[in-house]
Amino acid sequence: MTEPTIERLAVENTDRGPLTTDELAAVIGRDIPAGAYVNLGIGQPTKIADYLPTGEDGNPTCILHTENGMLGMGPAARGDEIDPDLTNAGKVPVTELPGASYFHHADSFAMMRGGHLDVCVLGAYQVAANGDLANWHTGKPDDIPAVGGAMDLAIGAKDVYVMMTLFTKKGEAKLVQHCTYPLTGVACVSRVYTDYAVFDIQPDGVHVLATYGITLADLRDRVNVKLLG
Amino acid sequence: MWEGIEDERQTGHDAVSRAQVLQTTDEAVAGIEDGSTVLVGGFGLAGMPFDLIDALIRQGAKDLTIVSNNAGNGDVGLAALLKAGQVKKVICSFPRQSDSWVFDDLYRSGKIELELVPQGNLAERMRAAGAGIGAFYCPTGVGTPLAEGKETREIDGHSYVLEYPIKGDYAVISAYQADPLGNVVYRKTARNFGPVMATAARTTIVQVTEVVPVGTLDPEAVVTPSIFVDRIVKVEARSYTVQGAR
């Protein structure tokens with residue numbers, strides 16, 4: 001679905017600071033191809049819905065899937081639109097667009113595992129250089145684990161994009177050689193969108209597609225993964 | 001099962017219904033035994049069978065294993081059942097939420113057992129149970145802690161984990177309309193696990209907002225065919241809390 005963008009030259013935007021969440025959502029939104037079936041998970045990636053390319057009718061040119069059984073999901077519901085029977089995966093009330101469809105959970109997840117979904121965007125604790133994803137459990141003994149649909153999406157969607165900050169609050173890079181957190185999926189991530197840079201994970205290694213407020217040299221300094229231009 | 005023929009299970013039609021239309025939710029949950037596995041529909045609050053769960057709390061069955069996507073929200077529905085101390089184990093995909101304090105307390109104090117299952121596996125394991133499948137190889141979770149100890153197999157160059165069906169003694173679900181034969185339609189994303197759970201239980205109990213005469217539902221649009229439904233009860237439409245409304 002997504003055209004390989006590996007030939008795209010690394011864009012160094014050293015004159016601007018790291019991206020805000022909204023700016024990052026806009027960067028990802030621009031990369032979602034028209035006609036794609038897309039799942040934006042829960043939490044931060046759902047912001048991308050506000051930045052998807054739109055057609056003449058003002059609706060997105062892609063079709064949003066929500067794991068709780070809907071294609072053609074519209075924007076968040078407001079006021080009288082709120083219907084307790086119509087929510088997204090984050091349990092937020094949403095609306096339906098013309099051409100929407102509803103289906104049960106087994107069908108919804110068949111759309112993922114069966115390779116029908118083009119793109120999903122997930123948050124992450126860590127992504128490894130080979131595309132391993134860790135985003136469901138910190139592994140701490142007092143933590144109550146919750147996985148939801150993350151593992152199904154990670155192995156199911158044709159392209160798995162990650163949206164995350166590049167560094168933890170302590171300044172440790174979340175793009176790593178090997179994940180230390182429990183895995184969600186093996187070698188499943190194809191693209192990592194962060195506030196400092198966009199990375200493409202390819203068989204020959206991790207390519208930097210764009211940087212924001214950091215030079216490639218500084219990025220290589222702070223991320224302990226071999227970064228190709 | 002066939003004692004129904006002597007009852008007055010009028011469908012307004014020549015067909016004699018195996019399904020019962022009951023007058024109260026208390027009748028609808030009658031007979032749920034201690035130690036039962038109960039499949040509970042809903043995704044968060046959407047599709048949660050509140051009235052049947054309230055009846056199950058009054059009924060008092062204990063040591064239940066509950067299969068549901070979440071482990072209760074706030075103090076209502078599934079959370080209230082957990083709080084009543086009737087549940088020994090929860091099989092679910094997403095217990096930890098901002099409003100899952102009832103489950104969190106029980107879990108941290110060791111009073112409830114948790115089997116965490118990826119959401120698609122939860123659905124597919126019930127689908128398998130309802131379809132008579134002995135087990136299936138699934139790619140979800142390969143190489144993760146949730147696949148540890150499970151049989152894996154390479155098929156056509158890909159890795160899969162062997163997953164077993166989840167069969168319910170009872171399914172307790174919420175839907176929009178049913179006819180007296182047991183044909184069911186749902187509303188929007190409140191459908192979620194309902195149709196799958198209806199197939200996977202020995203006895204399927206459905207609460208609906210409306211019971212309509214046989215022949216009213218468009219056969220092309222029936223979502224759960226009558227063969228999967230055992231008990232139907234009409235409940236009042238409720239305006240329930242909506243999370244995240246703005």
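Looking at chain A as a GNM with Cα springs under 10 Å, which of A:Y193, A:Y125, A:Y102 has the largest mean-square fluctuation? Highest fluctuation of the listed residues: A:Y102. Just report the Cα centroid separation between the range B:97-129 and the range A:175-203, whole Å. Spelled out, the Cα-based centre of one part sits 28 Å from the other. Bridge orientation summary for chain A: considering DSSP beta bridges with both residues in this region, about 50 percent are antiparallel. When each of the peptides B:106-113, A:79-86, A:60-67, B:160-167 is scored by the mean number of other C-beta atoms lying within 10 Å of its residues, the order from highest to lowest reads A:60-67, B:160-167, A:79-86, B:106-113.
Taking other Cβ atoms within 10 Å as a rough exposure proxy, A:M111, B:M48, B:M197 sort from fewest to most as A:M111, B:M48, B:M197. Treating each Cα of the protein assembly as shown as one equal point scatterer and applying the Debye formula with no solvent, the log10 of I(q)/I(0) at q = 0.07, 0.10, 0.12 Å⁻¹ comes out as -0.38, -0.76, -1.05. Relative to the Cα centre, the charge distribution of the range A:11-228, modelled as +1 at Lys and Arg Cβ and -1 at Asp and Glu Cβ, gives a dipole magnitude of about 700 debye. DSSP beta bridges fully contained in the protein assembly as shown are about 40 percent antiparallel. According to the Kirkwood relation over distinct C-alpha pairs, the hydrodynamic radius of the range A:11-228 is 17.9 Å. Restricting the range B:24-93 to trypsin sites (Lys or Arg not before Pro) that sit in a DSSP loop and have at most 13 other Cβ atoms within 10 Å of their own Cβ leaves B:K62.
Averaged over residues, the count of other Cβ atoms within 10 Å places the peptides B:200-206, A:178-184 in the sequence B:200-206, A:178-184, highest first.
Of the residues A:N68, A:G99, A:P84, the one whose Cα sits farthest toward the positive end of the charge dipole of the range A:11-228, with +1 on the Cβ of Lys and Arg and -1 on the Cβ of Asp and Glu, is A:N68. The stretch between B:H158 and B:W101 holds 16.6 nm of extra length on full extension. This uses 0.36 nm per residue minus the Cα-Cα distance.
Taking label points 7 Å from Cα along the Cα-to-Cβ direction, B:I133 and A:K169 give a separation of 4.3 nm. Counting every pair of alpha carbons in chain B, the share spaced more than 34 Å apart comes to 18 percent. Our helix-only sum for chain A, with -39,500 (n - 2.57) per DSSP H run of n ≥ 4 divided by its residues, gives a mean residue ellipticity at 222 nm of -4000 deg cm²/dmol.
Per-residue packing, averaged as other Cβ atoms within 10 Å, sorts the ranges B:118-124, B:214-220, B:185-191, B:31-37 into the order B:118-124, B:185-191, B:31-37, B:214-220, beginning with the highest.
Averaged over the residues of peptide B:45-54, the number of Cβ atoms from other protein chains lying within 10 Å of each residue's Cβ is 2. Between A:N130, A:N59, A:N88, the GNM of chain A built on Cα springs shorter than 10 angstrom shows A:N59 fluctuating the most. Scanning chain A for trypsin sites (Lys or Arg not before Pro) that sit in a DSSP loop and have at most 16 other Cβ atoms within 10 Å, the longest stretch containing none of them is A:79-157. Magnitude of the charge dipole for the range A:19-84, about its Cα centre and with charges confined to Cβ atoms of Lys, Arg (+1) and Asp, Glu (-1), is about 180 debye.
Hey, how many Å between the Cα centroid of the range B:152-212 and the Cα centroid of the range A:106-124? Taking the Cα centre of the range A:106-124 as reference, the centre of the range B:152-212 is 20 Å away. Dipole magnitude for the protein assembly as shown: about 1000 debye, using +1 per Lys or Arg Cβ and -1 per Asp or Glu Cβ, origin at the Cα centre. Once both labels are positioned 7 Å from their Cα atoms along Cα-to-Cβ, the gap between B:V212 and A:T180 label points is 5.8 nm.
Each stretch of four or more DSSP H residues adds -39500 (n - 2.57); spread over every residue of chain B, this sum gives -5000 deg cm²/dmol at 222 nm.
The mean number of partner chain beta-carbon atoms within 10 angstrom of a residue's beta-carbon across peptide B:128-140 is 2.
Values quoted throughout were computed directly from the atomic coordinates according to the rules given, and no laboratory measurement underlies them. Just so it is clear, the structure is predicted and the values come from calculations on it, not from any experiment. Cβ coordinates were reconstructed from backbone atoms using ideal geometry, including for glycine residues, and neighbour counts include every protein chain displayed.
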